[in-house]
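Beneath this line is the structure, given in structure tokens, with notes to follow.
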């Protein structure tokens, strides 16, 4: 049997597999390969197995990546496909982010009501995201937030079974699962998305020049630069999965424009900022400066969420 041209590691969830198929299709098209020449290697991560606790309580974002990292560094796969918002800010030096596909819809979608404003008084909203919880409480302090973990189907089932009155899911994930009709989009002016939301990234071993070259052919430069700018903001902020932060960098004629905010978990404080006219070359420095500016204007309680 002929060895595959490239082995793509992925989480085994339906959404992760859909995203890995998108990467495989893009590679086949870019290089003129038969689709069967690309192998998908599904792996179950700790984050997939443990569904009854908040991510921050059991190890943070590393729970989505550590099994894929081990497979990559062990030579069992040639590249790993990730939702970029689930990838830790600081990565092992042996691993490189090689490419990103064009970014999808960055918005959240609200399921259970037409809008945040029309949620009933005291409505129960299920989410595992500190960012979403804090933003909701900033908008509607009367809401009751409950933990919702699991893949898209699990969370929709929990909602249907009455565990909450509403939930929020990423529009990009719903689209990739063919569920564009689920929920109502929340404008980014109302809820700024998580850093890197909507972006699919592919990592390789830093020393693997062949895989790096193959993946460069499918990388979307505006998405790559915008997401790396958002990740630079996260690097400046520090913090953990418990630290509510939102950011969105958008390409413009003059470079990139980025909005960002940090929040207290109860929504009682939000500090916002913006950087504009950032070229790709200075985007990281501008993002880090914005992160430091947000912290300088935050209360001691908010600043403590982002200090080691």
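The values are calculated or read from the model by the stated rules, or taken from the named source; none is laboratory data. Treat the numbers as computed from the prediction; the structure is a model and nothing was measured. All Cβ positions, glycine included, derive from the backbone under ideal geometry; neighbour counts span all protein chains shown.
Considering (1) buried (at least 16 other Cβ atoms within 10 Å of the Cβ); (2) in contact with a helix residue (DSSP H, G or I) (Cβ under 8 Å, 6 or more places away or on another chain), the lone condition that residue 305 does not fulfil carries the number (2).
Residues of the range 76-94 that are in contact with a strand residue (DSSP E or B) (Cβ under 8 Å, 6 or more places away or on another chain) and part of a loop (DSSP other than H, G, I, E, B): 76, 77, 78, 87, 91, 94.
When the range 130-168 is filtered for residues that are touching a helix residue (DSSP H, G or I) at 6+ places or on another chain (Cβ under 6 Å) and modelled with pLDDT of 95 or more, the ones remaining, listed by number, are 143, 145, 167, 168. Scanning the range 117-135 for residues that are in a loop (DSSP other than H, G, I, E, B), on the phi < 0 side of the Ramachandran plot and touching a strand residue (DSSP E or B) at 6+ places or on another chain (Cβ under 7 Å) gives 119, 123, 127. Against the definition (surrounded by 22 or more Cβ atoms within 10 Å (Cβ to Cβ), in contact (Cβ under 8 Å) with a residue 24 or more places away in the chain and not assigned by TED's automatic domain parsing to the domain that holds residue 215), how does residue 125 come out, yes or no? It is true that residue 125 is surrounded by 22 or more Cβ atoms within 10 Å (Cβ to Cβ), in contact (Cβ under 8 Å) with a residue 24 or more places away in the chain and not assigned by TED's automatic domain parsing to the domain that holds residue 215.
With respect to the conditions (1) modelled with pLDDT under 95; (2) loosely packed, with under 15 Cβ neighbours inside 10 Å; (3) at negative phi, residue 257 falls short on a single one, namely (2). The number of residues in the range 232-253 being touching a residue at least 24 places away in the same chain (Cβ under 8 Å), over 13 Å from residue 305 (Cβ atoms) and surrounded by fewer than 18 Cβ atoms within 10 Å (Cβ to Cβ) comes to 4. Exactly one residue out of 71, 114, 160, 166 is over 21 Å from residue 11 (Cα atoms), touching a strand residue (DSSP E or B) at 6+ places or on another chain (Cβ under 6 Å), outside the structural domain of residue 242 (by TED's automatic domain parsing) and surrounded by fewer than 19 Cβ atoms within 10 Å (Cβ to Cβ): that is 114. On inspection, residue 42 qualifies as at pLDDT 90 or above, exposed (fewer than 15 other Cβ atoms within 10 Å of the Cβ), under 19 Å from residue 203 (Cα atoms) and within 21 Å of the chain's Cα centre (by Cα).
Annotation: residue 280 fulfils all but one of (1) in contact with a strand residue (DSSP E or B) (Cβ under 6 Å, 6 or more places away or on another chain); (2) farther than 27 Å from residue 74 by Cβ; the unmet one is (1). Name the single residue, out of those in the range 186-207 being in contact with a strand residue (DSSP E or B) (Cβ under 6 Å, 6 or more places away or on another chain) and more than 21 Å from residue 267 (Cβ to Cβ), that is surrounded by the most Cβ atoms within 10 Å (Cβ to Cβ). So, considering only residues that are in contact with a strand residue (DSSP E or B) (Cβ under 6 Å, 6 or more places away or on another chain) and more than 21 Å from residue 267 (Cβ to Cβ), the one surrounded by the most Cβ atoms within 10 Å (Cβ to Cβ) is 202.
Residues that are in contact (Cβ under 8 Å) with a residue 60 or more places away in the chain and buried (at least 16 other Cβ atoms within 10 Å of the Cβ) were ranked within the range 260-302; the one that is nearest to residue 142 (Cα to Cα) is 267.
For residues that are at pLDDT 95 or above and farther than 20 Å from residue 206 by Cα, scanning just the range 74-107, find the one that is surrounded by the fewest Cβ atoms within 10 Å (Cβ to Cβ). Per the stated criteria, the residue is 102.
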